[in-house]
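Structure, as structure tokens:
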Amino acid sequence: MSLKVLTMSDYVVTPWKNGGGVTSDVFLFPEGATHESFDIRLSLAPIVAEGAFSSFPGIDRHITRLGAAPLDLVFGGETRELKRLEPLYFDSVLQPRSVLPDGPAQVLNVMTRRGRWNAQVMPVAAANEPLLAVPDGGLVVLHAVSGAWQVGDRVGSVIVRPGETLIAREETTLRASSQRDGEAIVAFLSPTRRQDS
């Protein structure tokens, strides 16, 4: 079992590709990857001003609103409301415009290179005591939104506190539990074909 907990001090603050804000990079894969070469990128971003997203051709994006402040994305003539903790998928070549009805919003992005990796992103709650199956050759990510989460198996476990992110490798099934109000976002990341890490 390979479990790593990334804290906020591990995140790297970088400017947006289009210069419209900043992002905290949580995890880039493979090791040493850049914003141009990554296969997987997890990031936390405060959206403090309305404007267009950066374009990332060939990249699939799942975006999840974490905080209470509402956020809308406008794709051409269509407006999509991001409901809290409900991931929205879109092709990152698109450049939706953000609308902030009540001020700055906070989001989690899970981005994967099309044809190399697939992502399945979903919210989990403490009441469900979710089981997290690490895909063959892939990763599971758990980002704690509220509550301290204990994640592990019979061999051992780790604690993931709010704002922290767990990266789990090696094929196994993990049990996740938290306090009554615990909320998290989980991403299951699977290679489209076996990757060498």
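The values are calculated or read from the model by the stated rules, or taken from the named source; none is laboratory data. Note that the coordinates shown come from a computational prediction; the quantities given were computed from them, not determined experimentally. Every residue, glycine among them, receives a Cβ derived from its backbone with ideal geometry; neighbour counts consider all protein chains shown. Just the protein is used for accessible areas: all its heavy atoms, side chains included, with ligands, DNA and RNA removed. Shrake-Rupley method; radii C 1.70, N 1.55, O 1.52, S 1.80 Å.
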Worksheet item: How many residues does the range 1-34 contain that are under 20 Å from L189 (Cα atoms), in contact with a strand residue (DSSP E or B) (Cβ under 6 Å, 6 or more places away or on another chain) and β-branched (V, I, T)?
Response: 2
Worksheet item: Can you spot a residue in the range 74-91 that is within 15 Å of H143 (Cβ to Cβ), outside any strand (DSSP E or B) and at pLDDT below 95?
Response: no
Worksheet entry | Where S54 falls short, out of the listed (1) more than 15 Å from the chain's Cα centre (by Cα); (2) part of a strand (DSSP E or B) | (2)
Worksheet, complete the sentence: With criteria (1) modelled with pLDDT of 95 or more; (2) open to solvent by 10 Å² or more (accessible area, probe 1.4 Å), D153 comes up short on (1)
Worksheet entry | From V26, V12, residue being among the β-branched types (V, I, T) and open to solvent by 30 Å² or more (accessible area, probe 1.4 Å) | V12
Practice prompt. For V13, state whether it is β-branched (V, I, T), out of contact with any Cys (no Cβ under 7 Å at 6 or more places or on another chain) and farther than 19 Å from H143 by Cβ.
Written response: no
Fill in: Within the range 102-117, tally of residues that are in contact (Cβ under 8 Å) with a residue 60 or more places away in the chain and either crowded, with 16+ Cβ neighbours inside 10 Å or closer than 11 Å to I185 by Cα (or both)
9
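A quick yes/no check of all residues on (1) closer than 23 Å to R41 by Cβ; (2) hydrophobic (A, V, I, L, M, F, W, C):
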residue	(1), (2)
F75	yes, yes
L85	yes, yes
R97	yes, no
V110	yes, yes
G115	yes, no
A127	no, yes
V160	yes, yes
E164	yes, no
T172	no, no
Item to complete: Report whether or not F53 is open to solvent by less than 50 Å² (accessible area, probe 1.4 Å) and modelled with pLDDT under 95.
Response: yes
Worksheet, complete the sentence: Just one listed residue, out of V141, V124, is open to solvent by less than 10 Å² (accessible area, probe 1.4 Å) and either in contact with a Cys (Cβ under 6 Å, 6 or more places away or on another chain) or at negative phi (or both), and it is V141
